[in-house]
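Shown next, in structure tokens, is the structure this report addresses.
What follows draws every value from the coordinates through simple rules; no lab data is involved. Note that this is a predicted model, so its numbers are computed, not measured. When we count neighbours, we look across all protein chains shown, and the Cβ atoms used for this are built from the backbone with ideal geometry, even at glycine.
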Amino acid sequence: MQKNYDHTIYEDKLYKIWDKSGVFTPPTGEELKKSGKKPFTIIMPPANANDPLHVGHALFVTIEDIFIRYHRLKGEAALWLPGLDHAGIETQFVFEKKLAKEGKSRFDFDRETLYKMIWDYVQENTVVALNQLKKMGASADWSRYKFTLDPDIVKDVINTFKKLHDDGLIYRAEKLVNYCTKCGTAYSELEVEHEDREDNLYTIDYGLLKVATTRPETMLGDSAVAVNPNDKRYKNLIGKKVILPLINKEIPIVGDEMVDMEFGTGAVKITPAHDPNDWEVGVKNSLEVITVIGTNGKMTENAGPYAGLSVALCREKILEDLGDRLIEVKPYSHSVGVCYRCHRAIEPLPIKQFFIKIKPLADKALEALDKRNTKIFGAGRDKILRHWLENLRDWNISRQIVWGIRIPVWYSNESKTDFVVSEECPGDGYIQETDTFDTWFSSGQWPVVTLKNNKPGDFEAYYPTDLMETGYDILPFWVMRMMLLSIYLTGETPFKYVYLHGLVRDEQGRKMSKSMGNAINPLELCAKYGTDSLRMALVMSTTAGQDSNMGENKVKGMRNFANKIWNAGRYVVEKAPEDVVINGAKDEEFFQRLSAVVKEVTKLLDQMKVGLASETVYNEFWHWFCDEGIEQNKEKQVSDEVLRMGYKTMLVLLHPFVPFVTEAIWQEIFAKEGLLISYPWPK
Ligand SMILES: [Zn+2]
């Protein structure tokens, strides 16, 4: 054996050996049912096909790979099903940035050309993304790999929409949606971030009363003024009319208890087309919806002389034109909804969209949580999930982008009053909906569609899956949606356990970001210190649901651990097994300790305490096996035979965490017994 462990010699070679041996591929569902073997399934969160590997990926690969290797060693049919996501808006956003650099925009191409261009772009990056996962040691079953735009997946996603429609759970309606005029698409409420901003509160004279507003430009679309019916100052004005300044149009004064008597003057303008609360008041009072801001972020024809102006310019002009009807301007800080991609303020706009009636689906998901059919590890986040499920609004699944699965809806006329749900064009004169599905609508069906469109009997044998492991930040976007849609489709919860990992922060606890320059590149660290060192550094800092800190120093430190394992191997292998026993009592003690370590690590992994399990195996190997065991052997108290046995067992326990160095030594010492990756876990 070489003096030091050199990861560059072993990693790629060992990965190829594992891959070729077929050990990553558990039996087909049909074979599994016959064999009676226990399945253990993880569906890999489909990373954005277009994303280079970052530290978040490195963490999820490490944690999931540890569980998969552990259950494989236990003799179970361990299936880790990998895939990638087309990531609709995210990818189109990146692609549009690339176009912009070339001086082009998406509007320079027709739909088909643009789609094809993005497709090719994503294909190029897919190979890179998959190789990066392999570099991290991911022992996933690549023969079952799926992409969210595979034709069989697309077909199933479309069928789900049809089923929802047949069950009366889909409707098309004009509602206020969260629209980003820069990105050119609507978002669900979950994709809107909130930022505190300093703006002004303007008080405007509407004649009979004065109203306070942060958005004077939307007054062009006012259809009423509202006061609280309990407000003594205004109560007798309800039912009367005011003249809208600048437009000179008569609008009614309505009473509504949602009006906060303490805010501004206690009277507010009602613009149903551009504010969610006003929309509600509008529906209750049958008010006219007048859209004055368009999807392009400019004032519409309804804005009369202000048509064509940007929102900001229109505001300036209106403030000027109001003259002495503008009574007061004072600073005002409030929370503003912004686009999670480009951080521009979200414009609530009325658009016709497709919605899923969410309550029947949410009730079933809540039931699964009540019955503990799905249990969540993640520092109390099951309560948050419950809260979301109890308060969900109908899910807007329309997105105004081309990169995705086109909504299978056809209209028989230009006014789009009636529609038919169909994959193919239903007849002459029909036009197809141009919107695509929200990307989470397809990834929300991931556990079902990946298993249904795979090897024979896979769905029947491997569903419900055992573990869903992902970042807590996508609990509402993804985990919740998978519960909603998978239970709807199959009647069963998609996973028994959810393990939520936290964010990996830098050594000072700051969020890692490219722009701050503090992001670590996992692949660089793998190349420098070995994949095992990076994996160990990541997992040893992690607790479900909590953020952890990580930096290069930690990884560097873990290289010492890999060397420690290697050097212990060299010591063990150079000892002749027949040079034996002097004191039986120490051997007995050694065995007892070894069996206690096995029990502890097994227990922690069964309880999904993966960080603690890694610390235990690290400490026991270093401070007990090496510091005490090897020393006692040198003093002829522990026999060579027993030490060798102990080392072998420790290698199996260490393997899920540091797969490369353990397999490399195994092949030096225990090659006769096959591959470590498929050796039985000690009892
Ligand atoms: Zn945006």
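Okay, here's what the table says:
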| quantity | calculated |
| --- | --- |
| Built amide H within the under 5 Å cut-off of residue 181, gap 5+ | 347 |
| Beta bridges by DSSP in the chain, antiparallel share as percent, to the nearest 5 | 70 percent |
| Semi-axis lengths, Å, region 522-678, gyration tensor of Cα atoms, sqrt of 5 times eigenvalues | 28, 18, 14 |
| Vicinal HN-Hα couplings computed from phi for region 131-138 (Karplus, 6.51 cos²θ - 1.76 cosθ + 1.60; Hz; Gly/Pro x) | 5, 5, 5, 5, 4, 6, x, 4 |
| Extension gain (nm, one decimal) between residue 100 and residue 4, 0.36 nm per residue minus Cα-Cα | 29.6 nm |
| Burial ranking of peptide ranges 172-179, 313-320, 1-8 (average Cβ count within 10 Å, highest at the top) | 172-179, 313-320, 1-8 |
| Built amide H within the under 5 Å cut-off of residue 409, gap 5+ | 422, 433 |
| When the convex hull of its Cα atoms is projected in every direction, mean area for region 186-347 (nm²) | 9.4 nm² |
| Residue-wise HN-Hα coupling along region 549-566, computed from phi with Karplus coefficients 6.51, -1.76, 1.60 (Hz; x: Gly, Pro) | 10, 8, x, 4, 4, 5, 5, 4, x, 6, 5, 4, 5, 4, 5, 4, 4, 5 |
| Helix-only CD estimate at 222 nm, as mean residue ellipticity for the chain, using -39500 (n - 2.57) per DSSP H run (n ≥ 4) | -12500 deg cm²/dmol |
| Relative contact order (percent, whole number), region 383-534, Cα cutoff 8 Å, 6+ residue spacing | 17 percent |
| Per residue Cα convex hull volume in Å³ - calculated over region 418-465 | 121 Å³ |
| For the chain: relative contact order, % (alpha-carbon pairs under 8 angstrom, 6 or more apart) | 17 percent |
| Relative contact order [Cα under 8 Å, 6+ residues apart], region 216-316, whole percent | 28 percent |
| Protection proxy ranking, peptides 121-127, 529-535, 147-153, 405-411, average beta carbon neighbours within 10 Å, highest first | 529-535, 405-411, 147-153, 121-127 |
| Under 5 Å, built H, 5+ apart or other chain: amide partners of residue 471 | 501 |
| Value of D in µm² per second that Stokes-Einstein yields for the chain, Kirkwood Rh from Cα pairs, at 20 °C (1.002 mPa s) | 75 µm²/s |
| In sequence order, calculated HN-Hα J values of region 234-242 (Karplus, 6.51, -1.76, 1.60; Hz; x Gly/Pro) | 10, 3, 6, 8, 4, x, 7, 10, 10 |
| Area projected by the alpha carbon convex hull of region 336-448, averaged over all directions, nm² | 10.1 nm² |
| Within the chain: Cβ-based charge dipole about Cα centre, in debye rounded to nearest 20 (Lys, Arg +1; Asp, Glu -1) | 640 debye |
| Computed FRET value (nearest 0.05) for residue 595 with residue 131, which takes r as the C-beta separation and R₀ as 56 Å | 0.90 |
| Between 0 and 90°, nearest 10: helix 88-101 axis offset from the chain longest Cα axis | 80 degrees |
| At 1.002 mPa s and 20 °C, Stokes diffusion of region 103-200 via Kirkwood alpha-carbon radius, µm² per second | 116 µm²/s |
| Mean Cβ count within 10 Å, highest first, over the residues of peptides 135-141, 21-27 | 135-141, 21-27 |
| Net charge dipole size for region 522-678 [Lys, Arg +1 and Asp, Glu -1 on Cβ; Debye, nearest 20] | 360 debye |
